[in-house]
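Quick notes on the structure that follows.
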Amino acid sequence: MKNTSTQMQNQSQFSIKPRGKLPNSCYFDVCTKSVPETESVSDHRTEIIEAQNESTQNEQSQAQTSNISIWSCVFSPDYNYMAWSCGHGLVKVMQCKKNELNQKEENKFCCKKSEIFEIQCSDLVWSVAFGSSKSYYKYCTNSKRSQVYHRFNFDEISLLLAIGLSNGRIRIYDGTTGHFLFALYDHNDLIRDLKFSKDGSLQLASVSKDETIKLWNMYDDGNMYKTLKGHTGMVYSCDWSPTAPLLCSVGSNRQAFIWNMNDFTMAFKLKEHLHDVVTCEFSPDGAILATGSYDTTICLWQPHTGQLIKKFFHLIPPPSFIYAGGHNGAYVRSLRFSVNGDHLVSISDDKKIRIWSMFTKGSVPFCEVPHKDAISLAYSSNSRSIMTGTRSGIIEYYEVKPVIPKLMVLCRKVVNQFTENNLVNELCLPNELKKYLQYGDLKDHSSPKASLNFNGKLNAAPNAKQFQATIAF
């Protein structure tokens with residue numbers, strides 16, 4: 001009980017403060033056309049023309065709104081840059097600073113226009129990703145590279161920016177200057193997600209609507225060396241494991257796969273979701289894989305065994321099997337782990353940012369903050385900043401004040417980082433400690449309906465008022 005009480009006290013200190021919107025996150029000009037009034041046109045015909053004009057204006061506004069949606073936003077691995085797509089063929093990159101907030105106006109984001117540079121693309125932008133030749137995971141070693149001549153020396157280019165377009169092309173830029181390097185051509189449809197490997201080897205994974213996953217080697221001038229097939233619909237997202245040669249891909253038709261990158265075979269098919277799976281990410285220690293779906297749930301898996309550990313519910317009671325495949329108003333859009341892996345952040349269509357604990361049982365988040373129709377999410381490598389992109393082309397910036405993680409959480413992360421292929425069971429440790437290292441303490445076999453009171457509302461956790469994030473606008 002003492003451990004749980006101390007954990008509750010630590011969580012009560014966790015807070016998220018919205019710090020406003022980024023300047024010039026997007027531009028949106030609505031063009032309206034008016035019909036000149038003439039005396040020769042009858043009243044009935046005038047009404048028809050006005051109705052047609054209203055319908056065309058609505059179609060134009062809907063098309064323009066879809067063209068400016070920010071489907072992807074990302075921080076660089078070293079937290080020196082942030083980038084986001086503007087939908088209509090534009091990507092903006094901004095340099096991060098330690099003193100991002102103005103001291104005089106605390107709740108407003110302070111930034112100069114000169115600190116943002118734009119990258120013009122030929123088509124709609126669906127995904128952006130940063131990649132670096134430096135490994136920010138000390139336990140990873142850079143892959144061996146052959147000493148042959150190549151067009152680009154990526155050891156000298158500190159940061160790469162990959163941009164996925166709706167025409168199936170991928171454009172590679174220098175992330176610090178915006179200088180165009182080269183383009184990648186092999187997909188036949190829009191690029192839904194891009195992810196660089198986390199070991200500094202500059203391997204790029206791209207997923208597309210053409211139902212394929214393609215792997216590219218930047219050190220080989222962007223050569224495409226493998227195509228993974230197995231999905232039967234759009235592939236929404238992918239992620240590399242930081243500690244093992246594993247890759248996860250998720251897509252439509254409730255499909256979530258784990259691939260072995262040693263022989264490029266499918267290791268596991270994860271079958272638990274009841275709707276399209278749209279987001280996935282490995283924990284920093286590689287011991288947990290989180291997948292989010294339109295069925296309002298997040299599933300936590302053991303990536304080396306494919307076993308389900310726990311489920312988080314955004315809608316309680318969750319939709320039944322019959323209705324889970326339809327619209328429910330709480331689609332999970334994106335999720336991200338903190339740098340220490342002690343908590344998980346998610347956004348959903350019910351306009352809430354939720355923080356989930358990774359060391360307590362239960363399916364109730366310990367912190368919730370409202371957002372404005374966000375569809376993309378980024379969490380900085382220092383776990384101090386959250387960035388969300390909205391359908392209306394606006395970037396919202398949040399300041400996070402997390403607590404210092406417990407020593408046992410850090411020890412679990414270090415042990416999992418240096419234990420290859422999940423060989424925890426072979427260590428000379430007590431069974432209870434092995435269970436903790438494998439996140440067995442997260443397993444909760446109680447029904448999500450147990451979190452409801454007799455009024456059908458969520459039971460508040462103890463000291464729930466302390467868990468509420470402090471919001472200041």
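The values are calculated or read from the model by the stated rules, or taken from the named source; none is laboratory data. All values derive from a computational prediction rather than experimental measurement. Because the Cβ atoms are built from the backbone with ideal geometry, glycine has one as well, and the counts that use them run over all protein chains shown.
Quickly run through segment 76-92 and pick out the residues that are among the charged types (D, E, K, R) and at pLDDT below 90.
D78, the sole residue that qualifies.
Answer yes or no as to whether P430 is surrounded by fewer than 17 Cβ atoms within 10 Å (Cβ to Cβ), in the same structural domain as Y294 (by TED's automatic domain parsing) and on the phi < 0 side of the Ramachandran plot.
yes
Of the residues Q95, Q103, Q120, Q147, which single one is at pLDDT 85 or above and over 22 Å from the mean Cα position of the chain (by Cα)? Lay out the reasoning, then the answer.
Values: Q95 fails: over 22 Å from the mean Cα position of the chain (by Cα); Q103 fails: at pLDDT 85 or above; Q147 fails: at pLDDT 85 or above.
Unique residue meeting the criteria: Q120.
Please specify each residue of segment 268-309 satisfying the condition of being in a strand (DSSP E or B), closer than 24 Å to I375 by Cα and in contact with a helix residue (DSSP H, G or I) (Cβ under 8 Å, 6 or more places away or on another chain).
Listed by number, the list holds a single entry, L300.
Give segment 53-75 a look and list any residue that's closer than 30 Å to S380 by Cβ, in a helix (DSSP H, G or I) and at pLDDT 50 or above, or say none.
S66, N67, I68
Of all residues in segment 375-426, how many are under 26 Å from C73 (Cα atoms) and of a type outside the set (D, E)?
Residues flagged as under 26 Å from C73 (Cα atoms) and of a type outside the set (D, E) within segment 375-426 amount to 27.
Working only within segment 170-189, note down all residues that are surrounded by fewer than 23 Cβ atoms within 10 Å (Cβ to Cβ) and within 16 Å of Y236 (Cα to Cα).
Result: N188, D189.
Output yes when any residue across segment 160-175 is at pLDDT below 90, assigned by TED's automatic domain parsing to the domain that holds P18 and of a type in the set (D, E), and no when none is. Quick ask: steps written out before the conclusion?
Start the filter on segment 160-175 by keeping residues that are at pLDDT below 90, which leaves none.
No: segment 160-175 contains no residue that is at pLDDT below 90, assigned by TED's automatic domain parsing to the domain that holds P18 and of a type in the set (D, E).
Would it be correct to say that V339 is assigned by TED's automatic domain parsing to the domain that holds T243, closer than 27 Å to T419 by Cβ, surrounded by fewer than 19 Cβ atoms within 10 Å (Cβ to Cβ) and within 16 Å of the chain's Cα centre (by Cα)?
Judged against the criteria, V339 is a match.
Among the residues of segment 322-344, write down those that are farther than 14 Å from P365 by Cβ and in contact with a helix residue (DSSP H, G or I) (Cβ under 7 Å, 6 or more places away or on another chain).
N340, G341
Return the total of residues in segment 320-346 being of a type outside the set (G, A, S), out of contact with any Phe, Trp or Tyr (no Cβ under 6 Å at 6 or more places or on another chain) and closer than 10 Å to T297 by Cα.
1
Quick check on segment 176-202: of everything there that is hydrophobic (A, V, I, L, M, F, W, C) and assigned to a loop (DSSP other than H, G, I, E, B), which residue is modelled with the lowest pLDDT?
Ranking the candidates gives L202 first.
For W356, work out the one condition from (1) on the phi < 0 side of the Ramachandran plot; (2) in contact with a Ser or Thr (Cβ under 6 Å, 6 or more places away or on another chain); (3) not charged (D, E, K, R) it doesn't fulfil.
Going through the list (1) on the phi < 0 side of the Ramachandran plot; (2) in contact with a Ser or Thr (Cβ under 6 Å, 6 or more places away or on another chain); (3) not charged (D, E, K, R), W356 breaks only (2).
Give me the pairs, please: first residue somewhere in segment 299-323 and surrounded by fewer than 17 Cβ atoms within 10 Å (Cβ to Cβ) and at pLDDT 90 or above, second residue anywhere and in a loop (DSSP other than H, G, I, E, B) and of a type in the set (G, A, S), beta-carbon distance under 8 Å, and either six or more positions apart or on two chains.
Hits for this filter: K311/S363.
Just checking, how many residues over segment 324-333 are of a type in the set (A, V, I, L, M, F, W, C) and either modelled with pLDDT under 90 or surrounded by fewer than 17 Cβ atoms within 10 Å (Cβ to Cβ) (or both)?
Residues in segment 324-333 being of a type in the set (A, V, I, L, M, F, W, C) and either modelled with pLDDT under 90 or surrounded by fewer than 17 Cβ atoms within 10 Å (Cβ to Cβ) (or both): 2 in total.
Of these, L246, L215, L194, L204, which one is assigned by TED's automatic domain parsing to the domain that holds R171 and over 25 Å from W84 (Cα atoms)?
Just one listed residue meets the conditions, L246.
I'd like the residue in segment 326-362 that is small (G, A, S) and touching a Leu at 6+ places or on another chain (Cβ under 6 Å) and, out of all such residues, is farthest from I288 (Cα to Cα).
Start the filter on segment 326-362 by keeping residues that are small (G, A, S), which leaves 326, 329-330, 334, 338, 341, 346, 348, 357, 362.
Filter once more, keeping what is touching a Leu at 6+ places or on another chain (Cβ under 6 Å): 330, 334, 346.
Numbers: A330: 23, S334: 16, S346: 16 Å.
Per the criteria, the residue is A330.
Quick one: is P405 assigned to a loop (DSSP other than H, G, I, E, B) and buried (at least 22 other Cβ atoms within 10 Å of the Cβ)?
no
Of the numbered conditions (1) farther than 30 Å from F418 by Cα; (2) modelled with pLDDT under 90, T296 satisfies every one except a single condition; which is it?
(2)
When the residues of segment 203-261 are filtered to those that are of a type in the set (D, E) and not in a loop (DSSP other than H, G, I, E, B), which remaining residue is modelled with the lowest pLDDT? Steps first, answer last, please.
Restricting attention to segment 203-261, the residues satisfying the condition of being of a type in the set (D, E) are 210-211, 220-221, 239.
If we keep only those that are not in a loop (DSSP other than H, G, I, E, B) as well, we get 220, 239.
Numbers: D220: 87, D239: 96.
It comes out as D220.
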